[in-house]
Amino acid sequence: MIGKAEGPPISITGLGAYVPDRVLTNAELSTLVDTSDEWIMERTGIRERRIAAPEQALTDLALPAAQAALAQAGVEGKDIDLLLCATVTPDMMFPTSSALLADTLGARDAAAYDLLAGCTGFMYALAQAYGMLVGGLAKRALVVGGDILSRILDWDDRSTLVLFGDGAGAVVLEAVPEQGFLGFELGADGAGGANLWLPGSGSRIFDDGDRLVKMNGPEVFKFATRVLVSSAEAIMERCGVTIDDVDVYVPHQANKRIIDHATRKLGVPSDRVVINVDRYGNTSSGSIPLALADAAAEGRLKPGKLVLMTGMGAGLTWGSALIRWTKEMAR
Ligand SMILES: CC(C)(COP(=O)(O)OP(=O)(O)OC[C@H]1O[C@@H](n2cnc3c(N)ncnc32)[C@H](O)[C@@H]1OP(=O)(O)O)[C@@H](O)C(=O)NCCC(=O)NCCS
């Protein structure tokens, strides 16, 4: 799917993020599995990641992020009429985390549902909220992206354990006088799905389905480097902009080598790239909103700046959005 935003201007007016306190370093990981700080840094650029406390579930991470986003937008829960939560690790399958969050936030008039699109979930949710807003079905959306991947990792598998972390982010979307979203590109390739999967997590029965993440790292690496570039190029072309116009590039934070590859291929100057994978690892649906929040905290998201976001992940899926930023933001 690819589309240029033709409707009334819609933008991000609030942004929040939250990560758990517990820091898990590479050095500590190397006491759990046969790995080393040197290997992880060289192959991934990840130095440390955050891990949720046993009593924390997804909505516990999403709530402070959502509250910060609402506060920045200057609205309350009751002003939200659409709440989407992109995650592969909801508190439970039902009630949905979105319904639980809507209740806690007092968003009594909101349609609320969870959305599954692997690490690309936040990009899919953004596009869907955008569509509902321009279609006149909703006035103000809260879009949450977050995961507690530490709960579905195989803690004996060094090839996946070192890559992921926990975290969540949230944005408020609503109409603005001008600018905002320029367009979206989203895609999926189920044929590659078994390269990153969670057998046993749904209705299909597996003899050995242990509900833990399994990944063919080199295949996902190839896929990631390809789609980060092709998706970004497609949406830029559709929206009539070039990479020189992009002020802030926010790629999915999976691996520094993947980001470096995409940055080089796209021709983005390195000072325009947002990178926090070193501190958080891959937080799945939390990755892009956490990176946006970091960019905001660094004063990089200013009105008029053109921001390019591209996610990719399980499905296999990918998705990009272009937005002309409309609000001065600091965390
Ligand atoms: C996982 C990844 C970092 C592995 O890097 P790589 O350079 O492809 O490494 P390989 O998989 O070829 O493995 C090389 C060796 O390192 C070993 N290895 C794997 N994980 C290791 C670890 N944590 N520590 C030490 N050695 C490790 C492998 O067993 C392999 O050993 P072998 O050659 O004796 O078989 C890389 O493939 C990757 O980032 N893939 C994309 C993953 C991703 O982003 N997933 C989420 C998408 S949303």
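The values are calculated or read from the model by the stated rules, or taken from the named source; none is laboratory data. Please read these numbers as outputs of a predicted model, since none were measured by experiment. Cβ atoms come from the backbone with ideal geometry, glycine included; neighbour counts cover every protein chain shown. These accessible areas exclude ligands, DNA and RNA; they are computed on the full protein's heavy atoms, side chains included. Shrake-Rupley method; radii C 1.70, N 1.55, O 1.52, S 1.80 Å.
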Self-check item: From the options Thr160, Thr96, residue that is polar (S, T, N, Q) and open to solvent by less than 20 Å² (accessible area, probe 1.4 Å)
Solution: Thr160
Quiz prompt | Given (1) within 12 Å of the ligand (Cβ to nearest atom); (2) open to solvent by less than 10 Å² (accessible area, probe 1.4 Å), index of the condition Gly315 fails | solution = (2)
Exercise. Tally the residues that are surrounded by fewer than 24 Cβ atoms within 10 Å (Cβ to Cβ) and more than 17 Å from Gly286 (Cβ to Cβ), restricting the search to region 101-117.
Key: 9
Exercise. Only one of these is under 28 Å from Glu28 (Cβ atoms) and away from the ligand (no atom under 15 Å from the Cβ): Arg158, Arg151, Arg108, Arg140. Name it.
Key: Arg151
Quiz item: If you go through region 173-185 one residue at a time, do you hit one that is more than 22 Å from the chain's Cα centre (by Cα), without any contact (Cβ under 8 Å) to a residue 60 or more places away in the chain, more than 16 Å from the ligand (Cβ to nearest atom) and not in a strand (DSSP E or B)?
Solution: no
Self-check item: Candidate set from region 27-37 (those that are near the ligand (Cβ under 9 Å from one of its atoms) and surrounded by 13 or more Cβ atoms within 10 Å (Cβ to Cβ)); member that is nearest to Asp294 (Cα to Cα)
Solution: Leu29
Quiz item: If we scan region 55-76, do we find a residue that is over 25 Å from Leu196 (Cβ atoms), of a type in the set (Val, Ile, Thr) and open to solvent by 40 Å² or more (accessible area, probe 1.4 Å)?
Solution: no
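Matching residues to (1) in contact (Cβ under 8 Å) with a residue 60 or more places away in the chain; (2) closer than 22 Å to Lys256 by Cβ:
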position: Ile2; (1), (2): yes, no
position: Ile10; (1), (2): yes, no
position: Val19; (1), (2): yes, yes
position: Glu28; (1), (2): no, yes
position: Asp37; (1), (2): no, yes
Practice problem: Could you check region 1-76 for strands (runs of 3 or more DSSP E) lying wholly inside it with 1 or more residues that are β-branched (Val, Ile, Thr)? | Solution: 2-4, 10-18, 23-25
Quiz prompt | The one condition in (1) among the β-branched types (Val, Ile, Thr); (2) part of a helix (DSSP H, G or I); (3) open to solvent by 10 Å² or more (accessible area, probe 1.4 Å); (4) closer than 19 Å to Ser284 by Cα that Thr120 fails to fulfil | solution = (3)
Practice problem: Determine whether region 133-150 contains at least one residue that is at pLDDT 95 or above, polar (S, T, N, Q), open to solvent by 30 Å² or more (accessible area, probe 1.4 Å) and outside any strand (DSSP E or B). | Solution: no
Quiz item: Mind checking which pairs have a first residue in region 42-54 that is surrounded by fewer than 20 Cβ atoms within 10 Å (Cβ to Cβ) and a second that is assigned to a helix (DSSP H, G or I), Cβ under 6 Å, 6 or more apart or different chains?
Solution: Gly45/Lys256; Gly45/Val277; Gly45/Asp278; Arg47/Asp278
Exercise. Mind listing whichever residues of region 318-331 are open to solvent by 30 Å² or more (accessible area, probe 1.4 Å) and of a type in the set (Val, Ile, Thr)?
Key: Thr326
Quiz prompt | Criterion: more than 16 Å from the ligand (Cβ to nearest atom) and among the aliphatic types (A, V, I, L, M) - qualifying residue of Val268, Val227 | solution = Val268
Quiz item: Cβ-Cβ below 7 Å, separation at least six or inter-chain, first residue in region 226-238 and over 14 Å from Met123 (Cβ atoms), second small (Gly, Ala, Ser) and open to solvent by less than 30 Å² (accessible area, probe 1.4 Å): which pairs?
Solution: Val229/Ala262; Arg238/Gly183
